[in-house]
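Reading through the C-alpha cells given below for one structure.
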Amino acid sequence: MDFKFTEAQLALQSVAREFAEKEVQPLADIIDKEHRYPAETFAKMAEIGFNGICTPVEYGGSGGNDIDKVIIIEEIAKKCASTAAILSVHTIFAAGILKFGTEAQKKKYLPLMAGGGWLGAFALTEPNAGSDAAAARTSAIYDEKTGEYVLNGTKCFISGGGKANALIVFALTDPSKGIKSLTGFIVEKGMPGFSIGKIENKMGLHGSETVELIFDNCRVPKENMLGKEGKGFSYAMMLLDGARIGIAAQGLGIAEGALDESIKYMHERVQFGKPIAALQGIQWYIADMVTKIQAAKWLVFYAAYLKSAGENFGTIAAMAKYNSSICAREVANLGLQIHGGYGYMNDYPMERIYRDAKITEIYEGTSEIHKLVISRAVLG
Ligand code: COS
C-alpha cells in the first residue's frame, strides 16, 4: 500500500495549481457574476493538455489516467467550480468515444476534443427522465432512404450543451422496445434539426451553461452511432460511473477552496481584540473541515486509482461522489459561518462557493441515486 503521489503526479499537481492560481482564479467571480462561459480558459486548458488528459497520445491527448484527471479537477475546483465542471463534463465525451467508438470516430473526434478547442457534452437527461434515466423518450428512427437516423425529442439540464461542438446523445431506435433500444449517437453542433432551447437560470455554477436541447427531425448519419444499437443504457451507466469520479474531485476541490478562504479570513478578521483564528469555537470549525476533506480525498483518489488500474470501480466511485458532495456542502456551510455577515455578501468568494457546492449533491446522479447504487452493490 502506497499513499504517495509519484514524481510525475507531483509535477502535474504543481502545473495544475499554478494554472488555477494564474488563469482560473482571476476569472472566477467575473464569470459567476456575468453568467459567462470562460472560453479563454478552455482554450488555454487545451494548449496545456488538460482537455485531453485521459486521451492516448496517438489521438492527440496527454496519455494520462484518472488519477491525473482528479489532480487537475481538484486544483481547478479549489478556485472555480464552474471551470472544473466544464472540464469534467467535457472529458466524458472522449471517454465515450474511446470506450465504444469506431477507429474512424476516434481519429475524427479525439484530437479535436484534446487539443483542437472542441468542447464535448453528454445528453441523457430528459424532462421526465432524471433519476429514472430509463424513462427516456427521445427517438432515433432509421431512414433507409438516406442512411440517417432521425432524432426527435428534448433533453434538459445539459451542462455545456449550448457551447459544445459535439455531444453524445442517447435516443430510442425502437420506442416500442423502450430502454432496450436506447442507443448513443454523436451529434454535432449545426446538424439540421438540432437547436438549443432554454438556457437555465441557476443558483450557482454560473460559468457552466446548462441548457435544453431540441431535436426536431434532426438527421444524424448512421456512422455517428456510438457502439452497438440498443446498448445505450449500459453505455450511459458505465460512462456515468467514470464521470462521477470527476464530480467527486470537483466536490473535494470546492471544499478545499472553502477551507483556504476561511483560513485567510480568520487571520484577517479581528473581533474581541484579536483575529478570530484565536477563538477556539472558530478553530474547531477548521478541525471539522480538514477532517471531512481528508476523508473525502482518500475516497476520491481510491476510486481514481481503481479505475486507472482497470479494476471494478463503480461502487467506490458512487461512494466517492456521494461523500465528496456532502463534504463540499458541509464545508462550504462552515466556511460561510466563519465569514459571518461578510460571507453572505457577494464581495467575498465564500458566497459563490456555497452556491456552487450544492449542485454536487444533485448532478451526475443525486445522492439518493448513489445510495441506491451503493446499497444494491452490497445487498444484491
Ligand atoms: N454499468 C453497466 N451496466 C449497468 C450499470 C452500470 N453501472 N448499471 C446498470 N446497468 C445495466 C444493468 O445491468 C441492466 O442491464 P440488463 O437490462 O442487460 O440486465 C440495465 O442497465 C438496467 O439496470 P437497472 O435495472 O439497475 O436500471 P434501473 O432503472 O433500476 O436503475 C439507475 C438504474 C437508477 C442506477 C440509473 O437510472 C441511474 O444511474 N440514474 C441516474 C441517472 C443520472 O445519473 N443522471 C445524471 C445526469 S446524466 S446527463
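Bear in mind these aren't lab numbers, they're just calculated from the coordinates by the rules spelled out. Just so you know, these numbers come straight off a predicted model, no measurement behind them. In this analysis, Cβ positions are derived from the backbone assuming ideal geometry, glycine residues included, and neighbour counts consider all displayed protein chains.
Less than 18 Å apart at the alpha-carbon level, and either on another chain or at least 8 residues along: which aspartates and glutamates does that give for Lys163?
Output for Lys163: Asp32, Glu34, Glu40, Glu188, Glu200, Glu209, Glu212.
Size of the dipole of the chain about the Cα centre, Lys and Arg at +1 and Asp and Glu at -1 on the beta carbon, nothing else charged, in debye to 20? Present the calculation step by step, with values, prior to reporting the outcome.
Values: 40 positive and 43 negative charges, 96 e Å.
Roughly 460 debye, rounded to the nearest 20.
Evaluate the charge dipole of the stretch 228-279 about its Cα centre and quote only its size in Debye, nearest 20, assuming +1 on the Cβ of each Lys and Arg and -1 on the Cβ of each Asp and Glu.
Values: 6 positive and 6 negative charges, 14 e Å.
Value, rounded to 20: 60 debye.
Roughly how many debye, to the nearest 20, is the charge dipole of the stretch 5-114 about its Cα centre, given +1 on each Lys and Arg Cβ, -1 on each Asp and Glu Cβ, and no other charges?
Values: 12 positive and 15 negative charges, 70 e Å.
Rounded to the nearest 20 debye, it is 340 debye.
Rank Gln294, Gly253, His267 by how far each Cα sits towards the positive end of the charge dipole of the stretch 233-379 (+1 on Lys, Arg Cβ; -1 on Asp, Glu Cβ) and give me just the farthest.
Gln294
For the pairs Lys108/Lys145; Lys44/Lys79; Lys69/Lys297, flag any whose C-alpha to C-alpha distance is greater than 21 Å.
Working: Lys108/Lys145 25 Å; Lys44/Lys79 16 Å; Lys69/Lys297 14 Å.
Flagged as over cut-off: Lys108/Lys145.
Report, to the nearest 10°, how far helix 66-79 tilts away from the longest principal axis of the Cα atoms in the chain, using its own Cα long axis and a range of 0 to 90°.
50 degrees
Between the stretch 138-154 and the stretch 177-238, what is the C-alpha centre distance in whole Å?
13 Å
Percent relative contact order of the chain, based on C-alpha pairs within less than 8 angstrom and at least six residues apart? Please report the intermediate quantities before stating the final value.
On the way: 759 pairs, mean separation 61.8, N = 380.
Relative contact order comes out at 16 percent.
Scan the chain and hand back the longest stretch that contains none of the GluC sites (Glu not before Pro) lying in DSSP loops with at most 10 other Cβ atoms within 10 Å.
Values: sites that count: Glu144, Glu311.
With a cap of 10 other Cβ atoms within 10 Å, the longest stretch comes to 145-310.
Return a whole-number percent for the relative contact order of the stretch 233-379, with Cα pairs under 8 Å and 6 or more residues apart as the contact set.
Details: 181 pairs, mean separation 49.6, N = 147.
Averaging sequence separation for qualifying contacts and normalising by length gives 34 percent for the stretch 233-379.
Compute the long axis of helix 349-358 from its Cα atoms, compare it with the longest principal axis of the Cα atoms of the chain, and write down the angle in degrees, 0 to 90, nearest 10.
Roughly 40 degrees, rounded to the nearest 10.
Remind me, relative contact order of the stretch 121-229 in percent, using alpha carbon pairs under 8 angstrom and six or more residues apart?
On the way: 262 pairs, mean separation 33.3, N = 109.
It rounds to 31 percent for the stretch 121-229.
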